[in-house]
Every structure is written in structure tokens, then in C-alpha cells.
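Sending over a structure as C-alpha cells; questions will come in a sec.
The values are calculated or read from the model by the stated rules, or taken from the named source; none is laboratory data. Predicted model only: the values in this text are computed from it and were never measured. When we count neighbours, we look across all protein chains shown, and the Cβ atoms used for this are built from the backbone with ideal geometry, even at glycine.
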Amino acid sequence: MKYIPLDNIGVFIHTIDLEITNFVNNRLASFKITSEQNLIMALLWEKEGISQNEISAKLNKDKAGVARMVNTLEKKGYIRREICPNDRRSVEVYLTAEGKRLGDEIIPINKDILEVITSGMSGKEIAELQMLLMKVRNNVNQL
């Protein structure tokens, strides 16, 4: 097999990720929220009161980066942080009323984004794609 540096699955996945990120950022631009911030908000719309450490783990993001994004979302008035009463070292994140209202607008957009991304794919194809991408992830994480 001939090696062509830019003709590999890693580069292909990376370029698709960039295209999806740009698409999502464009769809959310009017809300002044980035695709990364949207991921945190999506977790909170599903279940608030989770810790910053849980957010980091669920999104596979470094704790410092999540702390910066949480700080930004707090400054925008979408979330608030509270010290966990059971563990003073842990910070839990909650939605504000404004953050809940934002969800009413963005959750339908997130659903539309998912429909665009998976358009023309069957449920079986989506499941197969997820399985294949998990194999790629596992291969990389074995190193």
C-alpha cells in the first residue's frame, strides 16, 4: 500500500469535523454561542447540576478548557455554578432562566443540525458509522 500523507482516514475525519463545526457555528452565530459551548449547554438541557469534571469526562475535553467555557457561559448569563454541598472541591453547573429559554430556541436547531448531518442515512448506516468511528477512537486510545 502506497503512503500518501494527506490521503488517510485521520485527515478525512478531521476535515469533516471542521466542516461540521463551521456548519454548527454558522447556525448558532445569531445566539452568540459556539459549537463547543453548545455541547455544554446540551448536556445541561438534558440534566443540570452536573459537575465540571463530569462535563469534561462526557465531552472528552480537558478540565481547564471546560472551566474556561463554563466561565464564558456564566458571564453570558446562561449558567450558574455552585459548590457541591457534599464535596467542596467540586463545582456543579446549573441553568439560569435565560439558559433555559436559550434551550427552547437552540434544541430545535440542534435537532435540525442532526437531521442535516444524517440526511440520506438509514438507522442501520448511522449505527454502523458510529461503530466504525468507535473502532478508530479505540485504536488511537490504545497507544
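Here's a check for you: in segment 104-143, which residue that is polar (S, T, N, Q) and outside any helix (DSSP H, G or I) is modelled with the lowest pLDDT?
Gln142
Looking at this structure, is Ile109 among the β-branched types (Val, Ile, Thr), within 18 Å of Val24 (Cβ to Cβ) and touching a Lys or Arg at 6+ places or on another chain (Cβ under 8 Å)?
Values: among the β-branched types (Val, Ile, Thr): yes; within 18 Å of Val24 (Cβ to Cβ): yes; touching a Lys or Arg at 6+ places or on another chain (Cβ under 8 Å): yes.
In short, yes.
Yes or no, residue by residue, for (1) closer than 28 Å to Arg137 by Cα; (2) part of a loop (DSSP other than H, G, I, E, B); (3) touching a Gly at 6+ places or on another chain (Cβ under 8 Å):
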{"residue": "Ala42", "(1), (2), (3)": "yes, no, no"}
{"residue": "Arg68", "(1), (2), (3)": "yes, no, no"}
{"residue": "Thr72", "(1), (2), (3)": "no, no, no"}
{"residue": "Pro85", "(1), (2), (3)": "no, yes, no"}
{"residue": "Glu92", "(1), (2), (3)": "no, no, yes"}
{"residue": "Leu102", "(1), (2), (3)": "no, no, no"}
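Return the pair list, or none, for Cβ contacts closer than 9 Å from residues in segment 19-40 that are closer than 18 Å to Glu74 by Cβ to residues that are outside any helix (DSSP H, G or I) and aromatic (Phe, Trp, Tyr), at least 6 apart or on different chains.
Pairs that qualify, where the first residue is closer than 18 Å to Glu74 by Cβ and the partner is outside any helix (DSSP H, G or I) and aromatic (Phe, Trp, Tyr), are Ile33/Tyr78; Gln37/Tyr78.
Separate question: For segment 72-95, which positions are over 12 Å from Gly49 (Cβ atoms), of a type outside the set (Val, Ile, Thr) and either in contact (Cβ under 8 Å) with a residue 24 or more places away in the chain or surrounded by 12 or more Cβ atoms within 10 Å (Cβ to Cβ) (or both)?
Answer for segment 72-95, where residues must be over 12 Å from Gly49 (Cβ atoms), of a type outside the set (Val, Ile, Thr) and either in contact (Cβ under 8 Å) with a residue 24 or more places away in the chain or surrounded by 12 or more Cβ atoms within 10 Å (Cβ to Cβ) (or both): Leu73, Glu74, Lys76, Gly77, Tyr78.
Which one is surrounded by the most Cβ atoms within 10 Å (Cβ to Cβ) among residues in segment 96-143 that are among the small types (Gly, Ala, Ser) and at negative phi?
Gly99
Suppose the filter is aliphatic (A, V, I, L, M) and within 14 Å of the chain's Cα centre (by Cα); does Leu114 pass it? Walk me through it before giving the result.
Working: aliphatic (A, V, I, L, M): yes; within 14 Å of the chain's Cα centre (by Cα): yes.
It is true that Leu114 is aliphatic (A, V, I, L, M) and within 14 Å of the chain's Cα centre (by Cα).
Still on this model: Of the conditions (1) at pLDDT below 95; (2) among the aliphatic types (A, V, I, L, M); (3) out of contact with any strand residue (DSSP E or B) (no Cβ under 9 Å at 6 or more places or on another chain); (4) under 23 Å from Thr21 (Cβ atoms), Ala67 fails just one. Which one is it?
Every condition holds for Ala67 apart from (3).
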